[in-house]
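The values are calculated or read from the model by the stated rules, or taken from the named source; none is laboratory data. Owing to the predicted nature of the structure, the values given are computational and were not obtained by experimental measurement. In this analysis, Cβ positions are derived from the backbone assuming ideal geometry, glycine residues included, and neighbour counts consider all displayed protein chains. What goes into the accessible areas is simple: the full protein's heavy atoms, side chains included, and nothing from ligands, DNA or RNA. Shrake-Rupley method; radii C 1.70, N 1.55, O 1.52, S 1.80 Å.
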Amino acid sequence: MPVHTIPVVGRPFARFAGLVGGLTADAALAGLQDGSISGPVVLRPGQGLTEDEWNAISAAAAAEARREPVLAEAGLYKRDPRNILIGDLEQVAWRHWRAVLAVHADNTVLADHDNATAHIPGMVEVEACAQMAMAATEQYLVPSSGDHVFTTKRLDIEFTTFLFPLAATVELRADRADWSRPEVLAADFTATIVQAGLTVAVMRFQARVFERGFFDRLERDRARDAAAARPDLLEQR
C-alpha cells in the first residue's frame, strides 16, 4: 500500500492546508488523537510550526525528522526572535551563501495580514532577502560584529511564482563588496528564494554598510538639517 504524505503547517496557513489536503498542527494532533488519521501516512513539516508542536506530532505518528534551524540573530537587531526569517546560514562558495527560510506562526507580518490567500505574503520575501544580506554581511564581510549599520540604497524585486508555507531556501550572492571609503562598505547583492526547485523571487539591491561612529554623525547631521527645514518648502517638494 502506498504511503500518503501530508504536509503540516502552522495555524496562519490553514487556507494552504485546505487547498492541498494538508493539516494545521492543531488539526494534525486532533486527528491523531481521535483516530481520523490512520493508515500508511507520513506527516511532513512545513512553515509556521513550533518545536513543541512538532515534537507532540512526532510522538504520536510517523513523521519526518525536523530540526529547529539555528537562527541568524547577529546583525538583524530583532527584539523578538519570532521575526527572524533566516536559519542555518552557511557559506557555499566565495561570496555566496545559503540559508533555510524559517517562518514563525507569530511573525509580525503574518499577525497583521489576512487577505484570504494561501501563499506567504510578498513582504515576508522582501524581509527575508534583506535579512539574508544583513546576516551574511555581519558574519562574513565586516571586520567586527556589532560595529556597523546596514542600510539599503536601492532595490528591485521580481516575484516569479507564489511562495507557500513549505520548505524553502534563500541564496545570496555578493556581486560587489568593497570599501568605497574606510568607513563605508558598498555592496551589490542578489538574493534568490527557491522552493521545490523553482525560483520564487529574485531581489537585487545595493547596500551601504557604515561604521557606527561615522553613521551616527551622518544621521545626526541629516536629522538636524531635516528639523531645520521650513515646512512650507518641504510641502512644495
For the range 181-194, which positions are part of a strand (DSSP E or B), in contact (Cβ under 8 Å) with a residue 12 or more places away in the chain, more than 16 Å from Ala130 (Cβ to Cβ) and not hydrophobic (A, V, I, L, M, F, W, C)? none
Can you spot a residue in the range 15-30 that is over 27 Å from Ala191 (Cα atoms), free of Cβ contacts under 8 Å to residues at least 24 places away in the same chain, among the polar types (S, T, N, Q) and open to solvent by less than 40 Å² (accessible area, probe 1.4 Å)? yes
Are any residues in the range 76-95 exposed (fewer than 14 other Cβ atoms within 10 Å of the Cβ) and touching a Lys or Arg at 6+ places or on another chain (Cβ under 7 Å), and if so, which ones? Glu90, Val92
Identify, please: which residue in the range 98-146 is among the charged types (D, E, K, R) and more than 11 Å from the chain's Cα centre (by Cα) and is, among those, nearest to Glu171 (Cα to Cα)? Arg98
Residue check, Asp52 within 21 Å of Asn83 (Cα to Cα), modelled with pLDDT of 85 or more, open to solvent by 20 Å² or more (accessible area, probe 1.4 Å) and of a type in the set (D, E, K, R): yes
So in the range 96-119, with the set limited to residues that are open to solvent by less than 30 Å² (accessible area, probe 1.4 Å) and modelled with pLDDT of 90 or more, which one is nearest to Asp188 (Cα to Cα)? Trp97
For the structure I just gave you, tell me whether Glu73 is loosely packed, with under 15 Cβ neighbours inside 10 Å, acidic (Asp, Glu) and touching a Lys or Arg at 6+ places or on another chain (Cβ under 7 Å). no
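Residue by residue, here is whether (1) within 12 Å of Ala167 (Cβ to Cβ); (2) free of Cβ contacts under 8 Å to residues at least 12 places away in the same chain holds:
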site	(1), (2)
Ala56	no, no
Ala59	no, yes
Glu64	yes, no
Val70	no, no
Glu73	no, yes
Trp97	no, no
Leu101	yes, no
Taking the range 4-14 and keeping residues in a helix (DSSP H, G or I) and either loosely packed, with under 14 Cβ neighbours inside 10 Å or touching a residue at least 24 places away in the same chain (Cβ under 8 Å) (or both) leaves Arg11, Pro12, Phe13
The lone condition Arg82 fails out of (1) within 23 Å of Ala191 (Cβ to Cβ); (2) more than 14 Å from the chain's Cα centre (by Cα); (3) part of a helix (DSSP H, G or I) is (2)
Reported set for the range 192-226 where residues are within 21 Å of Glu127 (Cβ to Cβ), of a type in the set (Lys, Arg) and open to solvent by 60 Å² or more (accessible area, probe 1.4 Å) is Arg204
Out of the residues in the range 141-180 that are of a type in the set (S, T, N, Q) and in a strand (DSSP E or B), state the one that is modelled with the lowest pLDDT. Ser180
Some residue of the range 143-164 being of a type in the set (Val, Ile, Thr), open to solvent by less than 50 Å² (accessible area, probe 1.4 Å) and touching a Phe, Trp or Tyr at 6+ places or on another chain (Cβ under 6 Å): yes
